[in-house]
Amino acid sequence: MTAPPPPGGTTPREAAAPGRLSWHVATLASARWESATARTLAFDVPGWPGHLAGQHVDVKLTAEDGYSAQRSYSIASAPDNAAPGHAAPDNAAPGGGATLELTVQRLDDGEVSPYLTDVLEPGDQVELRGPIGGWFVWRPAPQPPLQLIAGGSGIVPLMAMIRAAQPDAGHAPAVPLRLLYSARTPADVIYSGDLAQRARAPRFSLSYALTRAQPPSAPSAPPAGPSARVAGNGQSELAPGPSVSYGRISTDVIAAAAWEPRVTPAIFICGPSGFVEAAADLLIAAGHDPAAIKTERFGPT
Ligand SMILES: Cc1cc2nc3c(=O)[nH]c(=O)nc-3n(C[C@H](O)[C@H](O)[C@H](O)COP(=O)(O)OP(=O)(O)OC[C@H]3O[C@@H](n4cnc5c(N)ncnc54)[C@H](O)[C@@H]3O)c2cc1C
């Protein structure tokens with residue numbers, strides 16, 4: 001599929017209504033695999049107005065016969081206004097615009113995602129419009145600690161927040177940060193290398209909940225709870241360091257991996273609808289203020 005000629009135009013970075021946004025022609029500059037099924041696409045986007053961590057774009061593919069398909073994808077790259085003290089943007093493109101990264105998880109029976117992961121090559125063009133969304137955003141300013149909870153590709157907008165809070169992976173994030181990331185197996189974890197490196201910094205706690213992996217049969221492993229076992233371990237295929245639980249997220253997993261309610265963190269949850277609802281319910285049951293919880297659901301668009 002190819003995109004029609006550029007419509008041009010720029011939009012305010014906090015614009016939230018897709019209907020009022022202009023379409024930009026985006027050229028794929030480079031791509032890399034993040035997991036067995038997820039690929040990060042770095043697009044050069046002339047005229048891009050900038051974005052906030054957590055926002056998304058609509059991507060439009062148009063076939064030569066005029067048929068077009070459109071899907072939403074979160075922006076993975078850091079915004080151009082990273083944390084205080086780290087003002088230099090690393091995504092500014094020469095001559096204006098920006099290089100914008102999206103990470104797409106391939107759904108084997110999907111219409112658009114397999115094209116983006118398996119077919120699109122550097123130099124190919126798509127159309128995109130955005131940035132979209134004014135609610136599920138994190139701004140680098142004096143902030144409470146961050147609690148991020150991701151299911152599957154729901155890690156993508158949270159990664160933009162992490163990159164905004166921690167522009168230099170070797171240094172502590174601007175605010176204390178906890179990430180609980182649920183994926184099927186270690187092979188399905190997106191950004192695993194980047195996250196492992198970042199989590200070595202102070203004030204960054206990383207926990208995985210693996211839903212389709214077997215716990216290592218280490219004799220020293222703690223006894224299993226009703227639905228999960230939490231073990232600080234280096235025995236999975238994940239890089240050593242993060243704690244890993246097995247099974248769906250549960251009261252035990254939340255108690256082990258999330259901030260206590262008294263910390264009053266800002267909470268962002270993203271993933272499939274069922275996951276988001278379960279995570280939000282568990283947090284509220286644990287005593288977190290529902291008003292502190294922001295959610296984004298990745299369903300069919
Ligand atoms: C705000 C927002 C941001 C998003 N950000 C990202 C992102 O950063 N990365 C990413 O990979 N995806 C993201 N998505 C999901 C994305 O928009 C598409 O839904 C997804 O890529 C599937 O499109 P497709 O054309 O391949 O599948 P389709 O042809 O639309 O659907 C194929 C089958 O998969 C089911 N399906 C569709 N979408 C999903 C889904 N998300 N999860 C499970 N089953 C699904 C459909 O019901 C259908 O059975 C986001 C969605 C929203 C609403």
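The values are calculated or read from the model by the stated rules, or taken from the named source; none is laboratory data. For clarity, every value in this text was computed on a predicted model and none was experimentally measured. Cβ sites come from the backbone with ideal geometry, for glycine too, and all protein chains shown count toward neighbours.
Within the span defined as segment 215-229, every residue fails to be under 25 Å from Gln143 (Cβ atoms) and either part of a loop (DSSP other than H, G, I, E, B) or modelled with pLDDT of 95 or more (or both).
Entry remark, segment 58-74: residues being among the aliphatic types (A, V, I, L, M) and more than 9 Å from the ligand (Cβ to nearest atom) number 2 in total. Counting only residues that are among the polar types (S, T, N, Q) and within 16 Å of the ligand (Cβ to nearest atom), segment 144-160 holds 1 of them.
Condition test on Pro114, is it surrounded by fewer than 21 Cβ atoms within 10 Å (Cβ to Cβ), modelled with pLDDT of 95 or more and away from the ligand (no atom under 16 Å from the Cβ)? No.
The residues of segment 109-125 that are assigned to a loop (DSSP other than H, G, I, E, B) and either free of Cβ contacts under 8 Å to residues at least 40 places away in the same chain or not hydrophobic (A, V, I, L, M, F, W, C) (or both), listed by number, are Asp109, Gly110, Glu111, Glu121, Pro122, Gly123, Asp124. No other residue among Arg163, Arg106, Arg129 is more than 14 Å from the chain's Cα centre (by Cα) and more than 10 Å from the ligand (Cβ to nearest atom) apart from Arg129. Cβ-Cβ contacts under 7 Å between residues 6 or more apart (or on different chains), taken from a first residue in segment 65-78 that is in a loop (DSSP other than H, G, I, E, B) to a second residue that is within 8 Å of the ligand (Cβ to nearest atom), are listed as Ala76/Leu102; Ala76/Thr103; Ala76/Val156.
The conditions of being surrounded by fewer than 16 Cβ atoms within 10 Å (Cβ to Cβ) and either at pLDDT 95 or above or closer than 28 Å to Thr40 by Cβ (or both) are met by Pro261.
Here segment 43-64 is the region considered, the condition is being modelled with pLDDT of 95 or more and among the acidic types (Asp, Glu), and the residue that is surrounded by the fewest Cβ atoms within 10 Å (Cβ to Cβ) is Asp58. Selection over segment 166-186 of residues that are within 16 Å of the ligand (Cβ to nearest atom) and surrounded by fewer than 20 Cβ atoms within 10 Å (Cβ to Cβ) gives a count of 1. Number of residues in segment 264-278 that are touching a Lys or Arg at 6+ places or on another chain (Cβ under 9 Å) and either among the aliphatic types (A, V, I, L, M) or not in a helix (DSSP H, G or I) (or both): the value is 10. The number of residues in segment 135-156 being assigned to a helix (DSSP H, G or I) and over 18 Å from Leu283 (Cβ atoms) comes to 3.
On the stretch given as segment 132-143, residues that are within 16 Å of the ligand (Cβ to nearest atom) and at negative phi total 6.
The residue that is surrounded by the most Cβ atoms within 10 Å (Cβ to Cβ), counting only those in segment 275-301 that are more than 10 Å from the ligand (Cβ to nearest atom) and without any contact (Cβ under 8 Å) to a residue 24 or more places away in the chain, is Ala280.
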